[in-house]
Amino acid sequence: MSTWDEIRTAYHVARMGTVSGAAEALGVHHATVIRHIDALEARLGVKLFQRHARGYTSTEAGQDLLQVAQATDDQFTQLVGRIRGRGDGVSGELVVTSLSSASPRLTGTLARFQAQYPGLIVRYLTGDEVLRLEYGEAHVAVRAGRAPDNPDNVVQPFVPQRVSLFASESYIAEHGRPETTEDLTGHSFVSLDNFGSRAPFVRWLMERVTPEQIIFRGTDNRVLRDAIIEGVGIGFISDWEAEKFPTLVRLFDSREEWSAPLWLVTHVDLHRTTKVQAFLKFLKEDVKNW
């Protein structure tokens, strides 16, 4: 058995804390894990773990080994991600990530792109987590706000994501409609549960209403949208998404100061691959119809 297999096993034991957990992560029998640990400790002449009823705890030597093994495992994962992104054809997986608020437009683009390449599998990952392009977790990222500054990424300006203040017809019927953006006193609002958010529309709102006026707060934009539709209060929704809900009323014209610029981000090692270049070209053409 190679030393690397034994080190990799020890890494997973340290990470999981139990033999059974490491065995499941590696897809091997627990007896194999124990054999690897015993062989590695014999090879090094030191104890890497303290055994106890609840599992395994790394010794000082085990911690040193864990740091090296983790760095090696990360580098291997990064290499695999880069290799998967290479190739001459548009096939395999295309992994794209963005905030969920971009999905009303981006999903259609991805569907049309996939239709051109039937052998392609599209994985569209949305959410607040910033996936690591350098580890191959995504091929293309659509990110909002300030331009990403990682020197290993290729960053291109995309389009602004426009948002507006909306309320439901039921909210307006019960509470009235503010005539101007200076007429927000007495109204209730729906917003992110992070008053320190750098999103320009959140900062704008916090300068004009009191925290007590924000009566419904959440971390998912889709939840906030649903609350606005239900008549809980006034809130910001992307213009793209609001188009799908006829009961929403745009209170004021969208302002530049509310909008967040979007950026296309790719890792330098994958940027020139056939698959990524084909998608970027298609996306830039398709966005003209958004």
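The values are calculated or read from the model by the stated rules, or taken from the named source; none is laboratory data. Note that the structure is predicted; figures quoted are calculated from it, not measured. Note that we place each Cβ from the backbone using ideal geometry, even for glycine, and neighbour counts take in every protein chain shown. Just so you know, the surface numbers come from the protein's heavy atoms only, side chains and all, with ligands and any DNA or RNA stripped out. Shrake-Rupley method; radii C 1.70, N 1.55, O 1.52, S 1.80 Å.
Evaluate the following for Asp183: is it under 30 Å from the mean Cα position of the chain (by Cα), modelled with pLDDT under 95 and not aromatic (Phe, Trp, Tyr)?
Values: under 30 Å from the mean Cα position of the chain (by Cα): no; modelled with pLDDT under 95: yes; not aromatic (Phe, Trp, Tyr): yes.
Against the criterion (under 30 Å from the mean Cα position of the chain (by Cα), modelled with pLDDT under 95 and not aromatic (Phe, Trp, Tyr)), Asp183 does not qualify.
Working carefully through the options Glu129, Glu93, Glu41, Glu137, find the one that is at pLDDT below 90 and outside any loop (DSSP other than H, G, I, E, B). Walk me through it before giving the result.
On the way: Glu129 fails: outside any loop (DSSP other than H, G, I, E, B); Glu93 fails: at pLDDT below 90; Glu137 fails: outside any loop (DSSP other than H, G, I, E, B).
Just a single option satisfies the conditions, and that option is Glu41.
Of everything in segment 21-62, what is over 15 Å from Asp5 (Cα atoms), of a type in the set (S, T, N, Q) and surrounded by 12 or more Cβ atoms within 10 Å (Cβ to Cβ)? Give them in sequence order.
Selection gives Thr57, Ser58, Thr59.
Go through (1) surrounded by fewer than 14 Cβ atoms within 10 Å (Cβ to Cβ); (2) in the same structural domain as Glu241 (by the TED database); (3) β-branched (Val, Ile, Thr); (4) not in a loop (DSSP other than H, G, I, E, B) and name the single condition Thr185 misses.
(4)
Given the condition acidic (Asp, Glu) and more than 24 Å from the chain's Cα centre (by Cα), answer yes or no: does some residue in segment 224-233 qualify?
Keep residues of segment 224-233 that are acidic (Asp, Glu), which gives 226, 230.
Narrowing the set further to residues that are more than 24 Å from the chain's Cα centre (by Cα) leaves 230.
Within segment 224-233, one or more residues are acidic (Asp, Glu) and more than 24 Å from the chain's Cα centre (by Cα).
Among the listed residues Val159, Val142, which satisfies the condition of being open to solvent by less than 50 Å² (accessible area, probe 1.4 Å), part of a strand (DSSP E or B) and under 24 Å from Gly92 (Cα atoms)? Spell out the reasoning first.
Working: Val159 fails: under 24 Å from Gly92 (Cα atoms).
On inspection, the qualifying residue turns out to be Val142.
Here is a check on your reading of the model: is Val190 open to solvent by less than 60 Å² (accessible area, probe 1.4 Å) and assigned to a loop (DSSP other than H, G, I, E, B)? Walk me through how you get there before you give the answer.
Working: open to solvent by less than 60 Å² (accessible area, probe 1.4 Å): yes; assigned to a loop (DSSP other than H, G, I, E, B): no.
The answer is no for Val190.
Could you tell me how many of the residues in segment 219-235 are buried (at least 17 other Cβ atoms within 10 Å of the Cβ), over 14 Å from Ala167 (Cβ atoms) and without any contact (Cβ under 8 Å) to a residue 60 or more places away in the chain? Working first, answer last.
Going through segment 219-235, the residues buried (at least 17 other Cβ atoms within 10 Å of the Cβ) turn out to be 221, 224-225, 227-229, 231-235.
In the following step, the residues that additionally are over 14 Å from Ala167 (Cβ atoms) were identified as 221.
From what's left, without any contact (Cβ under 8 Å) to a residue 60 or more places away in the chain: none.
Qualifying residue count, segment 219-235: 0.
Please state which one of Thr247, Thr273 is among the hydroxyl-bearing types (Ser, Thr, Tyr), in contact with a Gly (Cβ under 6 Å, 6 or more places away or on another chain) and open to solvent by 10 Å² or more (accessible area, probe 1.4 Å).
Values: Thr247 fails: in contact with a Gly (Cβ under 6 Å, 6 or more places away or on another chain).
Exactly one of Thr247, Thr273 is among the hydroxyl-bearing types (Ser, Thr, Tyr), in contact with a Gly (Cβ under 6 Å, 6 or more places away or on another chain) and open to solvent by 10 Å² or more (accessible area, probe 1.4 Å), namely Thr273.
Given the options Thr107, Thr126, name the one that is β-branched (Val, Ile, Thr) and surrounded by fewer than 18 Cβ atoms within 10 Å (Cβ to Cβ).
Values: Thr126 fails: surrounded by fewer than 18 Cβ atoms within 10 Å (Cβ to Cβ).
Just one listed residue meets the conditions, Thr107.
In segment 1-20, which residue that is polar (S, T, N, Q) and assigned to a helix (DSSP H, G or I) is most open to solvent (accessible area, probe 1.4 Å)? Explain how you work it out, then say what you get.
Our first condition is that a residue be polar (S, T, N, Q); within segment 1-20, this holds for 2-3, 9, 18, 20.
Remaining after also requiring assigned to a helix (DSSP H, G or I): 3, 9, 20.
Values: Thr3: 58, Thr9: 6, Ser20: 79 Å².
Ranking the qualifying residues of segment 1-20, first place goes to Ser20.
Out of the residues in segment 44-67 that are outside any loop (DSSP other than H, G, I, E, B) and more than 36 Å from the chain's Cα centre (by Cα), which is modelled with the lowest pLDDT?
Ranking the qualifying residues of segment 44-67, first place goes to His52.
From (1) within 21 Å of Ser168 (Cα to Cα); (2) open to solvent by 30 Å² or more (accessible area, probe 1.4 Å), pick out the condition that doesn't hold for Val268.
The number of the failed condition is (1).
Could you list, in sequence order, the residues of segment 193-218 that are among the aromatic types (Phe, Trp, Tyr) and open to solvent by less than 50 Å² (accessible area, probe 1.4 Å)? First the steps, then the outcome.
Taking segment 193-218 first, the residues among the aromatic types (Phe, Trp, Tyr) are 195, 201, 204, 216.
Residues satisfying the conditions are Phe201, Trp204.
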